[in-house]
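> Following this message is one structure expressed as structure tokens.
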Amino acid sequence: MITLVRRCAALCALGTLTAALAGCGGDTATSSGHAGRPTRPPATASPSAAPTLAPGPAGLTPVFENGSRKHGRTVALTFDADMTADQGPRAAAGERFDNPALVATLRRLKVPATFFMTGRWAEEYPAQARDIGRDPLFEVANHSYSHHAFTGSCYGLPSVPAARMRADMERAFTAFRSAGVERPVPYFRFPGGCYDQRALRALAPGGVTAVQWDVVSGDAFATDSAAVARQVLDGVRPGSVVVMHCTRSAAPATERALRTIVPKLRERGFRFVRVSEQIGTTGAAGARR
């Protein structure tokens, strides 16, 4: 726990927070999401017709944390492709927020994965966004446009006013389409993992399912790939969703860690799936309540 809290603080201090404990949104985050049977999202977000969870009471956006523990030994690796709205100068100066080697390793090992992109990342790396989006091994999901917080307090991140939350999300979908990502999935990951009922209410008309996780890889700014691999291997259970990163500057050890994680989990009988498969086979069982 101490390690994860320090990790959140370090990420925010550098303006690139991409993952935190699922409790980053405070106590309200533990009881806000609900789920039901899969439904199609409305056309406003223009994602693919991948399965979603039905809105919860009062029409709140449903929140998915992990797949059913009873539907086999599946695990979903998810990768946050982060850039904040104001990091263009850092990219222009040579900082790399992409990680082509990681994508190549996933392909070589034939590992399905879900990429949660910010719209700003897709604008900075449109060819890579398009390449990932067109690969049937992967799916592209929404991580906001700006990577600003959707709550009033999220480890120092600038916050998005409630009136602009849905527009920020939809701006990311627009950026994906502009980059050539034709079928993004209707899933949304809150920056920092921080959300509350106000945020869930604001995004509900967009028809997305919010996706959290139950395994934190600890890869942010880590340089010890063995430690990252060990944390993932110790945490994975049937149906797990693992949060990782595909940004070289923020997660330099992740690609090396994958070379250990993937074969070890396969030795244990795990099968890698995309988040859409977990949501499609789980229904309400994996929703945070």
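> Carbon-plus-sulfur fraction of the accessible area of the stretch 135-254, 1.4 Å probe, in percent?
Numbers: 1840 of 3760 Å².
Carbon plus sulfur share of accessible area: 49 percent.
> Oh, and also: Points 7 angstrom from Cα along the Cβ direction at S68 and T174: gap in nanometres?
Label-label distance for S68 and T174, simple model: 4.0 nm.
> Another question, then. Once the whole set of protein chains is in place, how much accessible area is left on F173, using a 1.4 Å probe, in Å² to the nearest 10?
Surface accessible to solvent at F173 totals approximately 0 Å².
> Once Rh is set to the Kirkwood radius over Cα pairs, what Stokes-Einstein translational diffusion coefficient, in µm²/s, holds for the stretch 58-159 at a temperature of 37 °C and a viscosity of 0.692 mPa s? Provide the component values of the computation, followed by the final result.
Details: Rh = 15.5 Å.
Using the Kirkwood radius from Cα pairs, D works out to 211 µm²/s.
> Give, as a single signed number, the net charge of other residues whose beta carbon lies under 14 Å from the beta carbon of A104, with Lys and Arg counted +1 and Asp and Glu -1. List each step's numbers first, then the result.
Values: positive: R107, R108, K110, R248, R256, R259; negative: D98, D131, D135, E255.
That sum, taken over residues with Cβ under 14 Å, equals +2.
> Using the Cα centre as the reference, give the magnitude of the dipole from point charges on the C-beta atoms of the stretch 86-156 (Lys, Arg: +1; Asp, Glu: -1; all else neutral), rounded to the nearest 20 debye.
On the way: 8 positive and 8 negative charges, 55 e Å.
The calculation lands at about 260 debye.
> Once Lys and Arg get +1 and Asp and Glu get -1 on their Cβ, which of Y145, A204, P252 lies farthest toward the positive end of the dipole of the stretch 133-289?
A204
> Which trypsin sites (Lys or Arg not before Pro) from the stretch 103-134 combine a DSSP loop assignment with at most 16 other Cβ atoms within 10 Å? Intermediate values should be presented prior to the final figure.
Details: sites: R107, R108, K110, R120, R130, R134; in loops: K110.
Within the stretch 103-134, the qualifying trypsin sites (Lys or Arg not before Pro) (loop, at most 16 other Cβ atoms within 10 Å) are K110.
The values are calculated or read from the model by the stated rules, or taken from the named source; none is laboratory data. Since the model is a prediction, treat every value here as computed from it, not as a measurement. All Cβ positions, glycine included, derive from the backbone under ideal geometry; neighbour counts span all protein chains shown. Just the protein is used for accessible areas: all its heavy atoms, side chains included, with ligands, DNA and RNA removed. Shrake-Rupley method; radii C 1.70, N 1.55, O 1.52, S 1.80 Å.
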